[in-house]
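Just below is one structure, and these are the notes that go with it.
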Amino acid sequence: MSRQDLAGPMTYSEAQAARVRKALAGRPGLIEKQMFGGIAFLLGGNMAVGVHGEDLIVRVDPAQTDVLLREPGAKPFDLSGSRGPPAGWLLVAPSGYRTDVALRTWVGRGTAYASSLPKKAPKNSKAKR
């Protein structure tokens, strides 16, 4: 029995997540969190980039959405259903980040935007006494 059998269906590509981890290596304040049925990488509590299936999730400046949607492999990341995709959230198919240079470009866009946002206070699950 493989590890995947024990864990159920794999929701994101471990190989792609490992590439993103490598691209983010050495960045202070990075947190990994399971989100959107995949894995997300957060800076200062703000999502920068993630992996959903084989696709990258990249959070970018909403004003850049239309321009970046013209990039190879880029499409709207739509979890909302009827309201339409929110600006600033993109999925990038593997064809759009096949090379390490392309991957670093997308990861750089996500980290630049996340770094520009106000840091979120960490959620503390235990009440302080």
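Just so you know, all these numbers are worked out from the coordinates, no wet-lab data involved. Since we're looking at a predicted model, the values are computed, not measured. No Cβ is skipped: glycine too gets one built from the backbone with ideal geometry, and neighbour counts run over all protein chains shown.
Calculate one ³J(HN,Hα) per residue across the range 22-33 by plugging θ = phi - 60° into the Karplus curve 6.51 cos²θ - 1.76 cosθ + 1.60, and present them in order as whole Hz with x for glycine and proline.
Per residue, the Karplus-derived 3J(HN,Hα) values read 5, 5, 9, 3, x, 7, x, x, 7, 10, 9, 8 Hz.
How would you rank 27-37, 86-96, highest first, on the average number of other Cβ atoms within 10 Å across their residues?
86-96, 27-37
Describe numerically, in nm with one decimal, the distance between label points set 7 Å from Cα along Cα→Cβ at Arg104 and at Ser116.
2.1
Hey, can you rank 110-121, 48-59 by average C-beta count inside 10 Å, highest first? Intermediate values should be presented prior to the final figure.
On the way: 110-121: 15.1, 48-59: 23.9.
So the peptides 110-121, 48-59, ranked by packing, come out 48-59, 110-121.
Aspartates and glutamates near Lys22 by alpha-carbon distance under 20 Å, same-chain residues fewer than 8 away left out - which ones?
Hits, sequence-local ones excluded: Glu14, Glu32, Glu54, Asp55, Asp100.
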